[in-house]
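Dropping the structure in here first, questions after.
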Amino acid sequence: MSEEPLIRWDWIARNWANGSPTAISVLLENHVVTAFLPVLLGLIVAVPLGLACVRWRWLYQPTAALMNVTYSLPSLVLFSIFLSITGLTRSTVVIPLTFFALAILIPAVVDGLASVPDSVRQSAVAMGFRPARRLLLVELPVAVPVVLAGLRVATVSSISLVSVGALIGQGGLGNLFIDGWQRQFYTPIVVGIVLIVVLAVLADGLLVLAQRLLTPWSRARRTT
Amino acid sequence: MITFEGVTKRYRDGTVAVDDLSLEVPTGAITVFVGPSGCGKTTSLRMINRMIDATSGRIALDGQDVREIDPPTLRRGIGYVIQQAGLFPHRKIVDNVATVPYLLGWSRKKARARAMELLELVGLDASLASRYPFQLSGGQQQRVGVARALAADPPVLLMDEPFSAVDPIVRASLQDELLRLQSELRKTIVFVTHDIDEAVKLGDTVAVMRVGGRLAQMAGPATLLTEPADDFVREFLGRDRGIRRLSFISAKEVRLSPAPSALVIDEDGRPLGWRTGDGLAAYGTFNPETDSLRVALDAALLSPNGIAVAVDEAGRVRGVAGRDAIDELLAEHAPPAAGPFRDAGSPRAAGSPPAGSPPGGSGAGISEGVPT
Amino acid sequence: MNWLAGFFGDAGHWSGPDGIPARLLEHLEFSAAAFFVAALIAVPLGMLIGHTGRGALLVVVAANAARALPTLGLLVLVVLLAGVGTVLPVLIPLVVLAIPPILVNTYEGVRGVDADLRDAAYGMGLRGRQVLFQTLIPVALPLILLGLRLAAIQVVSTATIAAFVGLGGLGRFIIDGLATKTYADVIGGAVLVAALALAVQFVFVLLDRVAVSPGVRRVR
């Protein structure tokens with residue numbers, strides 16, 4: 001055991017795409033879908049909900065509180081609770097992760113819209129924009145950098161959190177951790193960690209690039 | 001007295017913020033460092049309490065080199081007021097003011113009592129004492145900043161653009177308040193500003209600095225207005241120097257005549273207006289005891305007949321001064337014939353600084369032109 | 001709901017080394033140990049970096065790494081490498097994952113203190129340590145507490161997952177329940193952990209009320 005190297009390349013070669021449902025490439029594909037679906041769903045819900053929170057200020061306080069509570073719950077807890085509703089399916093992971101994404105994205109949308117300088121809003125009104133047009137052409141574009149910053153956090157977190165789903169059999173690359181643990185075998189674990197981190201870095205880089213393209217007028221915001 | 005002797009501040013990247021500055025800040029008076037951004041005025045100020053240390057040269061406080069004093073100890077003996085007040089947001093107003101007394105080990109009770117006293121001194125209501133800074137307006141915060149700087153009764157006060165972040169009306173009232181305080185306290189104040197009007201209004205002595213950290217001229221405000229040392233100072237002083245100079249001549253000596261019957265006065269002796277064909281016309285007043293010649297002239301210009309109405313503190317008519325009377329006093333205080341005063345605006349008049357520097361009006365302070 | 005009644009109604013779950021009180025105590029012990037070690041490292045470090053401005057890159061890297069690193073993978077790898085069976089190796093990932101939130105928020109908090117405020121503090125003659133304790137920390141406190149809160153929740157959460165690699169605590173109910181398909185235990189354990197996480201959240205809300213000056217409390 002002590003002589004076991006951290007990584008055995010031949011194992012990777014044999015298991016990358018061997019046609020079995022636990023091949024690394026299959027797990028990777030699963031991981032990507034399970035990680036991005038919640039972010040996508042979260043964004044679709046967060047934009048209208050965030051707008052509603054800005055339009056009706058009283059809505060924000062309870063929404064934020066609810067999201068805050070959700071965010072403080074461990075992912076495994078939410079997976080376990082949804083297990084009783086959706087069983088051992090992908091939804092059991094996707095639904096809780098969507099809530100996590102919402103907890104990040106709703107505040108981002110609200111903060112983003114709040115970041116629109118009042119002078120910009122006022123001058124848009126003064127030039128005769130109607131509310132819907134103003135929102136679409138002025139306020140949302142100005143809010144994009146803040147929303148994208150939130151999107152980056154949500155995406156990276158989601159990619160990393162999916163692996164916990166392995167404990168209920170839906171963890172994408174996380175299954176490699178279980179496999180490695182049960183066989184006391186380092187290689188799958190290292191491969192899993194590396195692939196997840198690479199995936200996160202790639203996704204983050206793509207979002208930074210998207211921001212550069214979408215909002216050439218603003219420099220990429222640093223998120224920490 | 002604060003003395004700068006050949007003080008230079010050079011940063012690591014090679015920029016020279018202050019270049020061989022030598023000057024004296026007299027005790028018990030307001031000395032203003034004024035100049036465009038990048039002239040080293042703030043750096044010069046901050047070298048006094050060692051927020052910045054000079055690269056070479058010597059700054060002495062009543063003869064003692066500030067470099068010989070441990071910075072925190074030095075600073076506790078010097079009041080410091082900055083632009084955004086820099087109040088501690090987590091402390092109540094009273095505790096903000098009591099900061100230095102606490103540092104000096106005063107008892108809580110004594111420090112707070114002193115703080116309350118100071119709040120009153122700077123014209124703040126005692127009810128504000130238990131508020132937090134964010135609950136105060138910018139002007140109020142700035143007053144707290146001044147009170148905090150005065151808390152341990154330091155002989156020296158350093159003020160770094162303290163009033164530049166508030167609106168003009170509040171700024172004017174803060175300036176008046178500072179002058180009132182100074183007439184009671186007689187501190188040695190070094191005041192930094194980029195606003196020449198503020199400098200001329202507040203300074204007993206004004207040191208005009210130019211970009212690169214060099215002293216362009218140091219003189220009393222009246223002298224500065226009549227005898228700018230060079231083009232730079234002249235341009236920096238701006239327009240209307242002649243009129244503005246009149247602010248430094250007291251109207252006390254204006255020859256008053258009895259009020260003519262055309263001036264309608266109420267039963268308490270207050271003016272109502274000048275009688276004209278179709279009713280009462282506007283009038284201008286000045287108080288010879290407290291106002292300057294500029295106010296008197298302005299009052300004359302406001303009346304249709306060019307006659308200013310002199311009033312006392314209660315607003316009762318004491319007499320009138322026609323333009324002839326005002327002219328007499330103007331002639332008496334005419335700027336020196338050799339000065340470039342008459343040539344304002346003409347670039348060709350950009351001569352060397354005036355040779356001898358005769359006193360310019362009643363402006364206080366030293367009046368030596370310092371050519372660079 | 002039946003599952004919940006089954007779990008909490010079972011008298012066997014309320015006593016013994018496998019009982020809820022014992023498991024809760026274990027969970028609290030590990031979490032507290034990891035949390036305090038992390039805080040002891042990250043709070044001073046964050047202050048130092050925020051105060052001096054040196055090492056800011058470290059903070060950014062730590063923040064991003066912590067978000068991207070899969071908790072389960074880290075746990076499994078560290079425990080396998082360090083040897084199964086003892087508690088100490090499990091605590092390592094717990095501490096490591098708790099450091100970044102504290103570090104980042106403490107750093108941001110101290111760095112975010114208005115330059116004018118620092119200037120005024122030094123200008124009035126406060127010494128370095130006095131500036132730190134009388135100005136920087138009180139003003140940065142809301143963010144420092146936020147970092148500590150996120151870390152505490154992170155620790156509680158990671159400790160739950162750590163049951164998979166043999167740590168005791170409330171996670172045992174979930175992990176063992178999953179292994180034996182005893183879903184009542186899974187749900188019951190999840191509810192317990194959720195309650196613990198909310199309690200931690202609540203403690204920090206209280207702490208915020210008590211410790212943070214009304215002058216700097218963030219309005220949200």
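The values are calculated or read from the model by the stated rules, or taken from the named source; none is laboratory data. Treat the numbers as computed from the prediction; the structure is a model and nothing was measured. Glycine gets a Cβ as well: all are built from the backbone with ideal geometry, and neighbour counts include every protein chain shown.
Determine if the range A:51-72 includes at least one residue that is over 15 Å from the mean Cα position of the chain (by Cα), more than 23 Å from A:Q170 (Cβ to Cβ) and touching a residue at least 60 places away in the same chain (Cβ under 8 Å).
Yes; the residues of the range A:51-72 include at least one that is over 15 Å from the mean Cα position of the chain (by Cα), more than 23 Å from A:Q170 (Cβ to Cβ) and touching a residue at least 60 places away in the same chain (Cβ under 8 Å).
Only residues that are in contact with a Lys or Arg (Cβ under 6 Å, 6 or more places away or on another chain) and closer than 23 Å to A:L73 by Cα: list them for the range A:143-199, please. Break it down stepwise before answering.
From the range A:143-199, those in contact with a Lys or Arg (Cβ under 6 Å, 6 or more places away or on another chain) are A:145, A:149, A:156-157, A:170, A:187; that's our starting set.
A:A149, A:V156, A:S157, A:Q170, listed by residue number.
All but one of (1) within 24 Å of B:R186 (Cα to Cα); (2) over 23 Å from the mean Cα position of the chain (by Cα) hold for B:A147, so report the exception by its number.
The failed condition is (2).
Can you name the number of the only condition in (1) surrounded by fewer than 24 Cβ atoms within 10 Å (Cβ to Cβ); (2) in contact with a His (Cβ under 6 Å, 6 or more places away or on another chain); (3) closer than 21 Å to C:I20 by Cα that C:G169 fails?
Looking at each condition in turn, C:G169 falls short on (1).
Only one of (1) facing another protein chain (nearest Cβ under 9 Å); (2) under 30 Å from B:P101 (Cβ atoms) is not met by C:L136, so which one is it?
(1)
Scan the range B:272-280 and tell me whether some residue there is in contact with a Leu (Cβ under 8 Å, 6 or more places away or on another chain), on the phi > 0 side of the Ramachandran plot and surrounded by 13 or more Cβ atoms within 10 Å (Cβ to Cβ).
Narrowing the range B:272-280 to residues in contact with a Leu (Cβ under 8 Å, 6 or more places away or on another chain): B:272-275, B:280.
Those left that are additionally on the phi > 0 side of the Ramachandran plot: B:273.
Going one step further and asking which of them are surrounded by 13 or more Cβ atoms within 10 Å (Cβ to Cβ), we end up with B:273.
Yes, the range B:272-280 contains a residue that is in contact with a Leu (Cβ under 8 Å, 6 or more places away or on another chain), on the phi > 0 side of the Ramachandran plot and surrounded by 13 or more Cβ atoms within 10 Å (Cβ to Cβ).
Any idea which residue in the range A:207-216 is farthest from the other protein chains (Cβ to nearest Cβ), counting only those that are in contact with a helix residue (DSSP H, G or I) (Cβ under 9 Å, 6 or more places away or on another chain) and part of a helix (DSSP H, G or I)?
First pass over the range A:207-216, keeping only residues in contact with a helix residue (DSSP H, G or I) (Cβ under 9 Å, 6 or more places away or on another chain): A:207-208, A:210-211, A:214-215.
Checking the rest, the ones that are also part of a helix (DSSP H, G or I) come to A:207-208, A:210-211, A:214.
Working: A:L207: 13, A:V208: 12, A:A210: 17, A:Q211: 16, A:L214: 21 Å.
Among those that are in contact with a helix residue (DSSP H, G or I) (Cβ under 9 Å, 6 or more places away or on another chain) and part of a helix (DSSP H, G or I), it is A:L214.
Right, another one. For the range B:1-67, give me every one of the strands (runs of 3 or more DSSP E) that falls completely inside it and has 2 or more residues that are in contact with a strand residue (DSSP E or B) (Cβ under 9 Å, 6 or more places away or on another chain) and over 20 Å from B:Q217 (Cα atoms).
Fully inside the range B:1-67 and qualifying: B:56-61.
Something else now. B:G123 passes all but one of (1) of a type outside the set (F, W, Y); (2) surrounded by fewer than 15 Cβ atoms within 10 Å (Cβ to Cβ); (3) not in a helix (DSSP H, G or I); which number fails?
Of the numbered conditions (1) of a type outside the set (F, W, Y); (2) surrounded by fewer than 15 Cβ atoms within 10 Å (Cβ to Cβ); (3) not in a helix (DSSP H, G or I), the odd one out for B:G123 is (2).
Considering only the range A:129-173, how many residues are within 14 Å of chain C (Cβ to nearest Cβ) and out of contact with any helix residue (DSSP H, G or I) (no Cβ under 7 Å at 6 or more places or on another chain)? Spell out how you get there, then give the answer.
Going residue by residue through the range A:129-173, those that are within 14 Å of chain C (Cβ to nearest Cβ) are A:149-173.
Keeping just the survivors that are out of contact with any helix residue (DSSP H, G or I) (no Cβ under 7 Å at 6 or more places or on another chain) gives A:169.
Total satisfying the criteria: 1.
Considering only the range A:60-95, how many residues are away from chain C (no Cβ under 11 Å) and in a helix (DSSP H, G or I)? Spell out how you get there, then give the answer.
Going residue by residue through the range A:60-95, those that are away from chain C (no Cβ under 11 Å) are A:62-63, A:66-67, A:86, A:89-95.
Narrowing the set further to residues that are in a helix (DSSP H, G or I) leaves A:62-63, A:66-67, A:86, A:91-95.
Counting residues in the range A:60-95 that are away from chain C (no Cβ under 11 Å) and in a helix (DSSP H, G or I) gives 10.
Okay, moving on. On the given criteria, is B:A85 in contact (Cβ under 8 Å) with a residue 24 or more places away in the chain, surrounded by 21 or more Cβ atoms within 10 Å (Cβ to Cβ), in contact with a helix residue (DSSP H, G or I) (Cβ under 8 Å, 6 or more places away or on another chain) and not charged (D, E, K, R)? Can you show your working first?
Details: in contact (Cβ under 8 Å) with a residue 24 or more places away in the chain: yes; surrounded by 21 or more Cβ atoms within 10 Å (Cβ to Cβ): yes; in contact with a helix residue (DSSP H, G or I) (Cβ under 8 Å, 6 or more places away or on another chain): yes; not charged (D, E, K, R): yes.
Yes, satisfied.
Looking at the range B:14-38, I want the residues that are touching a residue at least 60 places away in the same chain (Cβ under 8 Å) and more than 21 Å from B:D62 (Cβ to Cβ) and have a partner that is of a type in the set (G, A, S) and in a strand (DSSP E or B) with Cβ atoms under 8 Å, at least 6 apart or on another chain. Which pairs are those?
B:D20/B:G6; B:D20/B:G57; B:V34/B:A207; B:G35/B:A216
Take the residues in the range A:182-206 that are within 7 Å of another protein chain (Cβ to nearest Cβ) and modelled with pLDDT under 90; name whichever of them is surrounded by the fewest Cβ atoms within 10 Å (Cβ to Cβ).
For the range A:182-206, the residue satisfying everything is A:Q184.
Looking at this structure, is A:R90 more than 30 Å from C:R149 (Cβ to Cβ) and modelled with pLDDT of 85 or more? Reasoning before the result, please.
Numbers: more than 30 Å from C:R149 (Cβ to Cβ): yes; modelled with pLDDT of 85 or more: yes.
Spelling it out, A:R90 is indeed more than 30 Å from C:R149 (Cβ to Cβ) and modelled with pLDDT of 85 or more.
Identify, from the list C:L57, C:L24, C:L45, the residue that is within 30 Å of C:F173 (Cα to Cα) and at pLDDT 85 or above. Before the answer, list the steps.
Working: C:L57 fails: within 30 Å of C:F173 (Cα to Cα); C:L45 fails: within 30 Å of C:F173 (Cα to Cα).
Matching residue, one of C:L57, C:L24, C:L45: C:L24.
Just to verify a result, which residue in the range B:225-254, among those that are basic (K, R) and surrounded by fewer than 22 Cβ atoms within 10 Å (Cβ to Cβ), is farthest from the chain's Cα centre (by Cα)? It would help to see each step written out before you state the result.
The first filter runs over the range B:225-254 and keeps only residues basic (K, R), leaving B:234, B:239, B:241, B:244-245, B:252.
Subsequent filtering for residues that are surrounded by fewer than 22 Cβ atoms within 10 Å (Cβ to Cβ) retains B:239, B:241, B:244, B:252.
Values: B:R239: 19, B:R241: 16, B:R244: 14, B:K252: 22 Å.
Once the filter is applied, the top-ranked residue is B:K252.
Conditions (1) surrounded by fewer than 16 Cβ atoms within 10 Å (Cβ to Cβ); (2) facing another protein chain (nearest Cβ under 10 Å); (3) free of Cβ contacts under 8 Å to residues at least 12 places away in the same chain, marked per residue:
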{"position": "C:L178", "(1), (2), (3)": "no, yes, yes"}
{"position": "C:A184", "(1), (2), (3)": "no, yes, no"}
{"position": "C:I187", "(1), (2), (3)": "no, yes, no"}
{"position": "C:A194", "(1), (2), (3)": "no, yes, yes"}
{"position": "C:L198", "(1), (2), (3)": "yes, yes, yes"}
{"position": "C:Q201", "(1), (2), (3)": "no, yes, no"}
{"position": "C:F204", "(1), (2), (3)": "no, yes, no"}
{"position": "C:A211", "(1), (2), (3)": "yes, no, no"}
{"position": "C:P214", "(1), (2), (3)": "yes, yes, yes"}
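Can you name the residue in the range B:130-176 that is among the small types (G, A, S), over 13 Å from B:L87 (Cα atoms) and touching a helix residue (DSSP H, G or I) at 6+ places or on another chain (Cβ under 8 Å) and, of all such residues, is modelled with the lowest pLDDT? Give the derivation first.
First, the residues of the range B:130-176 that are among the small types (G, A, S): B:130, B:137-139, B:145, B:147, B:149, B:151-152, B:164-165, B:172-173.
Narrowing the set further to residues that are over 13 Å from B:L87 (Cα atoms) leaves B:130, B:151-152, B:164-165, B:172-173.
Cutting the leftovers down to touching a helix residue (DSSP H, G or I) at 6+ places or on another chain (Cβ under 8 Å) gives us B:130, B:151-152, B:164-165, B:173.
Numbers: B:S130: 92, B:A151: 90, B:A152: 87, B:S164: 87, B:A165: 84, B:S173: 90.
The residue in question is B:A165.
Now a separate question. Under 23 Å from C:V210 (Cβ atoms), assigned to a helix (DSSP H, G or I) and at the interface with another protein chain (Cβ under 8 Å from one of its Cβ atoms), is that true of C:V156? Step through it out loud before you land on a result.
Values: under 23 Å from C:V210 (Cβ atoms): yes; assigned to a helix (DSSP H, G or I): yes; at the interface with another protein chain (Cβ under 8 Å from one of its Cβ atoms): yes.
Yes: the conditions hold for C:V156.
What tally of residues in the range B:85-110 results from selecting those that are in a helix (DSSP H, G or I), within 15 Å of B:R75 (Cβ to Cβ) and more than 7 Å from chain C (Cβ to nearest Cβ)? Please lay out each step first, then the result.
Going residue by residue through the range B:85-110, those that are in a helix (DSSP H, G or I) are B:93-97, B:99-103, B:108-110.
Now restrict to residues that are within 15 Å of B:R75 (Cβ to Cβ): B:99-103.
Within this subset, residues satisfying the condition of being more than 7 Å from chain C (Cβ to nearest Cβ) are B:101-102.
Count: 2.
Another one. List the pairs whose first member sits in the range C:138-150 and is under 16 Å from C:L45 (Cβ atoms), whose second member is not in a helix (DSSP H, G or I), and whose Cβ atoms are under 9 Å apart, counting only residues at least 6 apart or on separate chains?
That search, which allows pairs on different chains as well, returns C:A140/C:G112; C:A140/C:V113; C:A140/C:V216; C:L143/C:G112; C:L143/C:R218.
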